[in-house]
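Here the structure comes first, spelled out in structure tokens, and everything after it is commentary.
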Amino acid sequence: MMSPDGKWVWDGQKWIPVAHHESVFPAYSAATAAAEPAVPIAETMVSPPVNPFAPQDPISRFVGPPAAPPFGGPAAPAPAVQSPAIIAPLSYTTGDAAPPWQSWAQGSGDRSRMLKLVAAFIAVALLVLLSIYFGLSQLPFLRASTDQPTATPSPTATPIPQLAARSDFALAGRYVSSVLTPTMTFLSTSRIHVSQSCTGVLSVSCQQALNELDTNLKPAMTALNQPVPACIAPQVAKVKADLAAIQAAVTHEIQSYTANNVDQLRIGVRNYNAADRSLQADVPAVAKVQPGCDGQAGGP
């Protein structure tokens, strides 16, 4: 490859000047020199072409401002400095849609639905609380088992009337009418509560009924210890035995609550029902044999 001025040639590694033909004949050399065009002085001072394959200086890679046009025209204006494009930040909104927190603050449908659900839940909770309150006030057996049952007042002692004439018949009649009948009437209510509430389940109502009957049995059994005529003594003894069996069954059932043992409660319920059936049969038997007692006066 030859340089534009024709004086240098690239040999693959560097530029070398073009060889000039030298002749042994001086006349040929003079003629050749006369034939060559004159080279301006400035052109002879031109530096050899730059090696395009040589490594470039890093500083030379920066291009300076554009040169003035060769014909003296106005210089091209420098490029204007442009600011980087301002891009709007990402938004959570899409078109007319608003983010969830803005929708909630603006009273959207989700907010209204949530407020309605909360209001409904509060209303239901208040309704349940009121139902429980009024239910407990109307149904005492639903109260907590820690509430002590109201003790039934002891039966008022019926004054035993004086006898005009002492006889077994008169003594038996007075025992039946003034001792046995009032005592059984006093126990009837608590016995009914136990029979209805105690079904083999450790319920609060059963426990309260058992405590009530246990409280009433003690004065009732004491009242039956009045003197008994011989003609009704065997039947009265059976009544006392029935009450003792009922007392034992009630104590067994009360202990089942302390042990939290439903099997023990069921055994007590079975024993109580058997003793109560016997009592229902033995009490009328006393009144049944009373008319057969001797009416002969035995004393003043």
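The values are calculated or read from the model by the stated rules, or taken from the named source; none is laboratory data. Treat the numbers as computed from the prediction; the structure is a model and nothing was measured. Note that each Cβ is placed from the backbone with ideal geometry, even for glycine, and that neighbours are counted across all protein chains shown.
Answer yes or no as to whether D242 is under 15 Å from T183 (Cα atoms) and in contact with a helix residue (DSSP H, G or I) (Cβ under 9 Å, 6 or more places away or on another chain).
Taking the combined requirement at face value, the residue satisfies it.
Name the one entry in D214, D276, D282, D263 that is more than 53 Å from the chain's Cα centre (by Cα) and among the acidic types (D, E).
Matching residue, one of D214, D276, D282, D263: D282.
Select from the stretch 255-292 the residues that are touching a Gly at 6+ places or on another chain (Cβ under 8 Å) and hydrophobic (A, V, I, L, M, F, W, C) and write down the one among them that is surrounded by the fewest Cβ atoms within 10 Å (Cβ to Cβ).
Across the stretch 255-292, the extreme among qualifying residues is V262.
Pick from L217, L243, L202, L213: which is closer than 14 Å to V283 by Cβ and not β-branched (V, I, T)?
Residue meeting the stated conditions: L243.
Sort out which residues of the stretch 94-132 are among the polar types (S, T, N, Q) and either within 19 Å of the chain's Cα centre (by Cα) or at pLDDT 65 or above (or both), and write them in order of number.
S112, S131
Show me the helices (runs of 4 or more DSSP H) entirely contained within the stretch 194-300 in which 1 or more residues are of a type in the set (D, E, K, R) and without any contact (Cβ under 8 Å) to a residue 12 or more places away in the chain.
Answer list for the stretch 194-300: 204-223, 262-289.
Does the stretch 158-177 contain any residue that is closer than 17 Å to A245 by Cα, of a type in the set (D, E, K, R) and either modelled with pLDDT of 85 or more or touching a strand residue (DSSP E or B) at 6+ places or on another chain (Cβ under 6 Å) (or both)?
Looking for residues that are closer than 17 Å to A245 by Cα, of a type in the set (D, E, K, R) and either modelled with pLDDT of 85 or more or touching a strand residue (DSSP E or B) at 6+ places or on another chain (Cβ under 6 Å) (or both), one finds none in the stretch 158-177, hence no.
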